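The values are calculated or read from the model by the stated rules, or taken from the named source; none is laboratory data. Given the structure is predicted, the values throughout are model-derived calculations rather than measurements. All Cβ positions, even for glycine, are placed from backbone atoms using ideal geometry, and neighbour counts span all protein chains on display.
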Amino acid sequence: MRTVIVGCGRVGAMLAVMLDDGGHQVTILDISTAAFDRLPSTFKGSALRGDGTDEDTLQRAGAEDVDLFLAMTEGDNRNIMAAQLAAEAFRVGQVIAKINDPLRALAYAELGIATICRTDLMANAILSYLKLPVAVVPGVRSSSGHHRHDAGEGPVGTGAAGGPGGTETAADLIAGLAEAGIPIRTLDAANPPADSVASGSTKLEG
């Protein structure tokens with residue numbers, strides 16, 4: 001299985017190593033070169049320095065040919081933007097985003113992106129350990145919305161949801177979140193976040 005992981009933090013690095021050990025083809029991205037120190041010398045995959053919310057970076061990572069895309073950075077906004085790119089621009093079949101905010105995790109799942117919420121998972125684990133009769137919420141949510149991948153679709157962004165292409169664009173996603181009362185932050189290429197990197201990626205030996 002070919003996998004791209006965005007974010008080489010503790011979770012991303014562990015997933016990369018486990019998948020690599022299982023014989024899968026793994027490419028992991030991070031904006032910090034130092035993050036790759038979490039990977040052991042036995043890691044056989046590829047490590048790319050770059051911003052996972054940048055389409056050109058994902059192109060260099062081979063996102064158009066992968067079976068699984070995992071957005072595992074520490075930022076909810078960054079993860080959902082990377083996941084949206086993977087689903088819409090690269091038509092990746094299986095996309096999962098780590099979202100720490102339970103409300104956002106539910107909202108994004110309903111809009112078509114599978115999510116895993118560390119907050120819900122930890123709360124569930126504690127309640128389960130204490131054996132308390134308290135209702136829990138799922139920490140992992142399958143996408144209940146739909147991303148279309150029909151071969152006859154035009155390029156992403158050429159039609160709004162329900163339009164000729166039937167494709168939900170990033171603008172549709174943002175509008176849906178706004179209607180649901182979910183606060184979001186967009187990335188402006190002219191004013192990138194402080195932790196972003198310049199366009200382009202530097203490949204490191206895995």
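Out of 73, 3, 53, 57, I need the residue that is over 20 Å from residue 115 (Cβ atoms), under 15 Å from the mean Cα position of the chain (by Cα) and crowded, with 18+ Cβ neighbours inside 10 Å. Which one?
Numbers: 73 fails: over 20 Å from residue 115 (Cβ atoms); 3 fails: over 20 Å from residue 115 (Cβ atoms); 53 fails: over 20 Å from residue 115 (Cβ atoms).
One residue alone meets the criteria, 57.
Residue 58: in the same structural domain as residue 138 (by TED's automatic domain parsing) and either among the basic types (Lys, Arg) or in contact (Cβ under 8 Å) with a residue 60 or more places away in the chain (or both), yes or no?
Details: in the same structural domain as residue 138 (by TED's automatic domain parsing): yes; either among the basic types (Lys, Arg) or in contact (Cβ under 8 Å) with a residue 60 or more places away in the chain (or both): no.
No; evaluated as a whole, the condition is false for this residue.
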- Query: Pairs under 7 Å by beta carbon, first residue in contact (Cβ under 8 Å) with a residue 12 or more places away in the chain and more than 18 Å from residue 102 (Cα to Cα) in the stretch 66-85, partner buried (at least 24 other Cβ atoms within 10 Å of the Cβ) and polar (S, T, N, Q), six or more apart or different chains?
  - Reply: 82/53; 85/53
